[in-house]
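Engineer: Okay, here's the structure, questions in a sec.
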Amino acid sequence: MANVILGGIEGGATHSKLVLYNGNGEMLVQVAGPGTNHWILGMEECQKRINKMVEQAKCEANLPLEKPLNSLGMSLSGCEQEETNEQLKQELEKNFPELSSYCVVYSDTVGSIAAALEHGGIVLIAGTGSNCLLLNPDGSVHRCGGWGHILGDEGGAWWISHKAIKICFDEQDNFSQPPYPTDAVWKSIQEHYKIKTRFDLLDHCYSKFNKCSFAGLCRLLAVEANNGDKLSQWLFSEAGRVLARHITALLDQVDSKLLEAPGGLPVVCVGSVWLSWKYMKPGFVSQIKKAAGKLQRLSLLRLTTTIATGSVYLAAKAIDFDMPRNYDENHEIFFTYNSDET
């Protein structure tokens, strides 16, 4: 089994990870790479980046570049449509024949579930953007969100950053008053974008807009939340509230087997915004309580491995290879909700 080599990619809008495993379930190497969202980069550049990461991993694992992997699983941001996923798969296999004997492409949401849960569950992503996917035990899939910053991304870092800026603009326009003083948040905005006035910010919002850079403000807001700033803490609570709405929006489609699982409905939480769970929790719990009639118990899980590991599992499944795996080692529970205890 050691001669079987499987690859898996976790591809985000900003950065990516790739791992190689052998058939015994042992990780050989892990490498980092740039973003691989084809909606941002275009198909051609996305494929080049994927191939370059695989070549780097082969070198570091002392594997011959000319020998294709047995299977490569990719869980990529922006890969929600079967048609474009199939296009990416076919073009990779055609343009880079030494890449892998077989390729399979899924969204990053599917890879997250595959890493942690054998029988399905919900994944809720809150990184640069946001997305939510339900995978039932029968294989049926339902989604909420994942529409990008123009049409969605509620609860993600871009959404939090935009909300912070809008609150400051509205206060200075005397359009509406903020729930808490804006001094610390406005100072963070000025620091992040290196601006002095609101007019200086317009380039960053329009002609020089970059979603990842724009969302970077969220890191400074997290620092201010830790420093005790009430507005920053409120922003993360609001993020928790709208993220919980993604879950409640899917409850009518959840298989009863998931609701009856130990710990209740399992939800895999992915993305850097979850690092501020302490401040997200009040809004999240408040929103979940509103669905008490449909949701009695829930567990929030944090991956202890990369999503790329889930991509390897998907790669193995795609070629009907029975790869050893231990799901309990791949996640930890950081919050449980029980309606009888709240």
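The values are calculated or read from the model by the stated rules, or taken from the named source; none is laboratory data. Note that the structure is a prediction, hence the values are computed from the model and not measured. Neighbour counts are summed over all protein chains in view; Cβ atoms, including those assigned to glycine, are modelled from backbone coordinates with ideal geometry. These area figures cover heavy atoms from the full protein model, side chains too; ligands, DNA and RNA do not enter into them. Shrake-Rupley method; radii C 1.70, N 1.55, O 1.52, S 1.80 Å.
Engineer: Go through Lys163/Lys211; Lys166/Lys211; Lys196/Lys278 and tell me which ones have a Cα-Cα distance over 23 Å in this structure. Let's see the in-between values first.
Structural biologist: Numbers: Lys163/Lys211 14 Å; Lys166/Lys211 16 Å; Lys196/Lys278 31 Å.
Correct reply: Lys196/Lys278.
Engineer: As a test of the formula, what do you get for the chain when each DSSP H run with n ≥ 4 contributes -39,500 (n - 2.57) and the sum is divided by the residue count, at 222 nm and rounded to the nearest 500 deg cm²/dmol?
Structural biologist: -13000 deg cm²/dmol
Engineer: Once R0 is set to 22 Å, what does the formula 1/(1 + (r/R0)^6) return for the Cβ-Cβ distance between Gln190 and Leu151, expressed as a FRET efficiency to the nearest 0.05? Please list the in-between numbers first.
Structural biologist: Details: r = 29 Å, r/R0 = 1.31.
The value I calculate is 0.15.
Engineer: Give me the percent of accessible area attributable to carbon and sulfur for the stretch 1-51, probe 1.4 angstrom.
Structural biologist: Here carbon and sulfur together make up 52 percent of the probe-accessible area.
Engineer: Further question: Across the stretch 5-150, how many lysine pairs, 8 or more positions apart or on different chains, have C-alpha atoms separated by under 13 Å? Please give the number.
Structural biologist: 4
Engineer: Shape verdict for the stretch 128-168, please, from the Cα gyration tensor: rounded (a/c under 1.5), prolate (a/b greater than b/c) or oblate.
Structural biologist: prolate
Engineer: Using 1/(1 + (r/R0)^6) with R0 = 41 angstrom and r between the beta carbons of Asn62 and Glu329, what's the FRET efficiency to the nearest 0.05? Write down the numbers at each step before the final one.
Structural biologist: On the way: r = 26 Å, r/R0 = 0.63.
Taking R0 as 41 Å, the efficiency between Asn62 and Glu329 is 0.95.
Engineer: In addition: How would Glu171, Glu83, Glu118 rank on accessible area, largest to smallest, probe 1.4 Å?
Structural biologist: Correct descending sequence by accessible area is Glu83, Glu118, Glu171.
Engineer: For the chain, with every protein chain kept in place, what is the accessible area per residue (1.4 Å probe, Å²)?
Structural biologist: 47 Å²
Engineer: Which FRET efficiency, nearest 0.05, do Asp322 and Lys281 yield, Cβ-Cβ r, R0 41 Å?
Structural biologist: The pair Asp322/Lys281 has a calculated efficiency of 0.55.
Engineer: Projecting each Cα onto the charge dipole of the stretch 68-156 (Lys/Arg +1, Asp/Glu -1 at the beta carbon, about the Cα centre), which of Ser130, Ser101, His142 comes out farthest on the positive side?
Structural biologist: Ser130
Engineer: A further question follows. Could you give the alpha-carbon Rg of the stretch 21-67 over 2.2 N^0.38 Å, rounded to two decimals? Mind dumping the intermediate values first?
Structural biologist: On the way: Rg = 12.5 Å, N = 47, 2.2 N^0.38 = 9.5 Å.
The value comes to 1.31.
Engineer: D for the chain, whole µm²/s, Stokes-Einstein with Kirkwood Rh over alpha-carbon pairs at 20 °C and 1.002 mPa s: what number? Mind dumping the intermediate values first?
Structural biologist: Details: Rh = 21.0 Å.
This corresponds to a translational diffusion coefficient of 102 µm²/s.
Engineer: Here's a follow-up. When ranked by the protection proxy of mean other Cβ atoms within 10 Å per residue, highest first, what sequence do the peptides 229-236, 62-69, 145-152 form? All intermediate terms of the calculation are to be shown ahead of the outcome.
Structural biologist: Values: 229-236: 22.6, 62-69: 13.6, 145-152: 16.8.
Ranked from most to least packed, the peptides come out as 229-236, 145-152, 62-69.
Engineer: Calculate, in nm to one decimal, what Gln253 and Tyr180 gain on full extension: separation in residues at 0.36 nm each, minus their alpha carbon distance.
Structural biologist: 22.5 nm
Engineer: First check a/c for the stretch 188-342, with a ≥ b ≥ c the square roots of the eigenvalues of its C-alpha gyration tensor; if it is under 1.5, answer rounded, and if not, answer prolate when a/b is larger than b/c or oblate otherwise. The partial results should precede the final answer.
Structural biologist: Numbers: a/c = 2.41, a/b = 1.47, b/c = 1.64.
Oblate shape, in that a/c is at least 1.5 and b/c is the bigger or equal ratio.
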